[in-house]
Amino acid sequence: MDKLLQILEENCPGIDFLGNDRLIDDEILTSLDVVVLVAEFNDAFNISITVDDLVPENFNSAQAMYDLICRLGGK
């Protein structure tokens, strides 16, 4: 989770990732933010996030993103 939070804070500074579970629903993260984060996650965790994974439930919170990375075998 620490590595994930570091990536989130570097790419989207000023967002409270630990205290918010509606990042997409409340339009805190934009579609461009998600595209950037997907590329970062793919590189950092050696995973492949597909179009099927690009649903709000997977990006509404840091925990949801962490769960997605774990499901995809992220290291």
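Within the set (i) 35, 25, 21; (ii) 45, 23, 16; (iii) 27, 25, 19, the number that Cα extents along the principal axes in Å takes when calculated for this structure is listed as (iii). A simple spin-label model places pseudo-atoms 7 Å from Cα toward Cβ; at Asp16 and Cys70 they are separated by 2.4 nm.
Please work out the average accessible area per residue across the chain, using the 1.4 Å probe convention, and give it in Å².
Per residue, the chain has an accessible area of 61 Å².
When only C-alpha pairs under 8 Å and at least 6 residues apart count, what is the relative contact order of the chain, in percent? RCO, the chain: 37 percent. Here the 3J(HN,Hα) profile of segment 22-31, calculated from phi with Karplus coefficients 6.51, -1.76 and 1.60 at θ = phi - 60°, is 9, 4, 8, 4, 8, 6, 6, 9, 8, 4 Hz, Gly and Pro shown as x.
The values are calculated or read from the model by the stated rules, or taken from the named source; none is laboratory data. Quick caveat, the model's predicted, so the values are computed rather than measured. Note that each Cβ is placed from the backbone with ideal geometry, even for glycine, and that neighbours are counted across all protein chains shown. Accessible surface is based on the protein model in full, side chains and every heavy atom, while ligands, DNA and RNA are left aside. Shrake-Rupley method; radii C 1.70, N 1.55, O 1.52, S 1.80 Å.
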